[in-house]
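Down below is the structure, laid out as structure tokens.
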């Protein structure tokens, strides 16, 4: 009997769900939640469930370079237990320096075995930026530079997921003066589909949604112009913020302990970057939909955007804000909005009066014509 015959069949995600003590109802709730998160219609829940029932787990190699491991922490602390118990548990069976039980020679052998056995099938997940200064000596694992490890693992990967802002845009490591020349993954690897999932950290359910999309459809999700999944990064934090009406009305917090802060006014004047940040924080929130930074009184720092560490001080408001056809300062936005309302009302009144005059004139003309038509 050859080695292939002796190989154990890879379990499906559903088989792992049952093995871990969950029931069918729990499984369907999870499938429904994932379908909603990745922007699918209700009718597609069955498609997600079928994929998780019938397809074997996705082989995943998860590499760690210059980072703080907050992305892994976010993933394993997802509010939904199946994210960690099923998706992540399956991930840890392949290769991840942070979570796998093996270490040393055994861990390195696991990496090689996964790349060989699942050539062209595995997903490469990367957490952290890669330093390229001084021939990469600032981040080495097992005597190899992170660049060498990345190139080796990326060569036969089906797709690459850049977890978090470090891997997606360099984050704090690449902030000026960037002494290690920390570089995001998409600037180092070409010829492979790369999905950016930025955030410091990204939301755990967002990370799970990307994996479920890959499992269900066998392709990467639709991406925006900078490579982020549109299902989670298509709207600004500002657009879904519950404080948005205060912004439109020109009501702002001026200091974190003033009366306006107690009233829950807009945090734009104390540095909130929500108007220029694309993320799902305001919709999905954290800790089971409990809250997110703005809701707990702290402005958005724009962590899912490129170069956010070098885009000005975190607690200074932007000097101007585009979006009203012209550059408008925060102090004037509310006034402009109110002024526009007044102008619109006045314009409507003027238009109405002109309309009435035209109608009266038309009626008068019709009356004159009728008089000419009457018999003498």
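The values are calculated or read from the model by the stated rules, or taken from the named source; none is laboratory data. The structure displayed is predicted, hence computed values, not measured ones. Glycine gets a Cβ as well: all are built from the backbone with ideal geometry, and neighbour counts include every protein chain shown.
Assorted remarks:
For every residue, the table says whether it meets (1) assigned to a loop (DSSP other than H, G, I, E, B); (2) surrounded by 17 or more Cβ atoms within 10 Å (Cβ to Cβ); (3) at pLDDT below 95.
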{"position": "239", "(1), (2), (3)": "no, no, yes"}
{"position": "246", "(1), (2), (3)": "no, yes, no"}
{"position": "256", "(1), (2), (3)": "yes, no, yes"}
{"position": "283", "(1), (2), (3)": "no, no, yes"}
{"position": "289", "(1), (2), (3)": "yes, no, yes"}
{"position": "294", "(1), (2), (3)": "yes, yes, no"}
{"position": "306", "(1), (2), (3)": "yes, yes, yes"}
{"position": "313", "(1), (2), (3)": "yes, no, yes"}
{"position": "318", "(1), (2), (3)": "yes, yes, yes"}
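- Across region 204-228, the qualifying residues are those that are farther than 22 Å from residue 46 by Cα and at pLDDT 90 or above, and the one among them that is surrounded by the fewest Cβ atoms within 10 Å (Cβ to Cβ) is 225.
- One residue alone among 273, 262 is in contact with a helix residue (DSSP H, G or I) (Cβ under 9 Å, 6 or more places away or on another chain) and either crowded, with 24+ Cβ neighbours inside 10 Å or farther than 28 Å from residue 83 by Cα (or both), and that residue is 273.
- Residue 67 meets the conditions (1) modelled with pLDDT under 90; (2) under 19 Å from the mean Cα position of the chain (by Cα) in every case but one. The failed one is (1).
- Applying the criterion of being surrounded by 15 or more Cβ atoms within 10 Å (Cβ to Cβ) and either free of Cβ contacts under 8 Å to residues at least 40 places away in the same chain or touching a helix residue (DSSP H, G or I) at 6+ places or on another chain (Cβ under 8 Å) (or both) to the residues of region 109-124, the residue that is farthest from residue 183 (Cα to Cα) is 110.
- Within region 258-269, the set of residues being part of a helix (DSSP H, G or I) and touching a strand residue (DSSP E or B) at 6+ places or on another chain (Cβ under 8 Å) comprises 260, 268, 269.
- Qualifying residues in region 167-181 (those that are in contact with a helix residue (DSSP H, G or I) (Cβ under 6 Å, 6 or more places away or on another chain) and surrounded by fewer than 24 Cβ atoms within 10 Å (Cβ to Cβ)) - the one nearest to residue 128 (Cα to Cα): 172
- So residue 102, is it at pLDDT below 95, more than 24 Å from residue 202 (Cβ to Cβ) and in contact with a helix residue (DSSP H, G or I) (Cβ under 7 Å, 6 or more places away or on another chain): yes
- Checking 222, 205 one by one, the residue that is free of Cβ contacts under 8 Å to residues at least 12 places away in the same chain and over 17 Å from residue 59 (Cα atoms) is 222 and no other.
- Listed conditions (1) more than 17 Å from residue 31 (Cβ to Cβ); (2) touching a helix residue (DSSP H, G or I) at 6+ places or on another chain (Cβ under 6 Å); (3) outside any loop (DSSP other than H, G, I, E, B) are all met by residue 186, apart from (2).
- Test for residue 168: is it touching a strand residue (DSSP E or B) at 6+ places or on another chain (Cβ under 6 Å), modelled with pLDDT under 95, assigned to a helix (DSSP H, G or I) and under 15 Å from residue 62 (Cα atoms): no
- Test: residue in region 19-28 that is closer than 13 Å to residue 215 by Cβ and either at pLDDT 85 or above or touching a strand residue (DSSP E or B) at 6+ places or on another chain (Cβ under 7 Å) (or both): no
- Verdict on residue 159 being touching a residue at least 12 places away in the same chain (Cβ under 8 Å), touching a strand residue (DSSP E or B) at 6+ places or on another chain (Cβ under 6 Å) and crowded, with 20+ Cβ neighbours inside 10 Å: no
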